[in-house]
Amino acid sequence: MLAILDLFTDTVPVMSADDIAATLGYSRPTGFRYVRELVATGLLVRMPDGCSLGPRIIELDWHIRRFDRVLAASRPIIAELAKHTECNVTQMWMYGERIVTIAHESPGEPLAIGFDRGRPMPLFRGAPSRAIIAFLPRARLERLYDRHRDEVSAAQRRQGFAKLHERLQQVRRAGIAVSLGELDPDKVGIAAPLRLAGTVSGSLCLVLTAARYATSNQTLLAEMLIESAGRIELALESSSAAMSERSVHGAFRKEKGHFMMRRRPVINARGYGTELVMRSSARAPKVKRQ
């Protein structure tokens, strides 16, 4: 049923229930029932000429903006990067087989870019996407190439997958990807990968005009970008560790109230640190004297 939501795009903002059922191969009663249920939850709204995405999605987006851990960890670092480089900064994240813009920060007047928050990125075009897919296992990358040939350029199709993979390996070795005019005319993108739990899941991108890029200190921009990406990764690790510790601590407290988690200082091969230890919170039973 939720596959219905994927039918709505920038070129198809409204669809009738009949078209929805026909497109997804549902019977007419099933299609109408699914549409009725999605309207009842607010995920769809009825229009004079069909249905479109509903207000519940706006509410969910507000919730994500407020509480998403990736956005929360990244927001201050992205704002600082935009300020210091005087470039627009975008952040992308990969969900399944889609790469989506999740944040856009401007130091002042924002540049007009075609891929603002919420819009899926082309998988094989533009620095932000290449900074992500360059780190995918070859088998997964080849599956994406086969399933999304409509997103592969004519030149890439002529050269074949092997050449594409070779070029992505160059991006992987360099640690950044650069594109000129691939997504927006006269715009340059410089992107670095973002890792979560050791796996590249997103990218951070500086966006500036081609004229400014030609006269800028390109090495310095790349260094500032990579440094900010590293800070975001550390912030995400800290956030994940804090969530994990709270979950474990809560679980042991919940288990009959007998155990509690504490941190104690230790000295290990890396120097000073801490470790989690489990302590019993239950009092020893009293022994009755005979």
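FYI, it's all coordinate maths here, none of it is from the lab. Note that the structure is a prediction, hence the values are computed from the model and not measured. Every residue, glycine among them, receives a Cβ derived from its backbone with ideal geometry; neighbour counts consider all protein chains shown.
A simple spin-label model places pseudo-atoms 7 Å from Cα toward Cβ; at residue 119 and residue 219 they are separated by 3.5 nm.
Taking 0.36 nm per residue of separation and subtracting the current Cα-Cα distance, fully stretching the chain between residue 227 and residue 27 would add 66.6 nm.
Label zone (residue 10, point 7 Å along Cα-to-C-beta; backbone nitrogen cut-off 18 Å) within the stretch 114-149: 114-130. Residues 161, 115, 67 in ascending order of nearby Cβ atoms (within 10 Å, fewest first): 67, 161, 115.
When 224, 92, 1 are arranged by Cβ crowding within 10 Å, least crowded first, meaning fewest neighbours, the order is 1, 224, 92.
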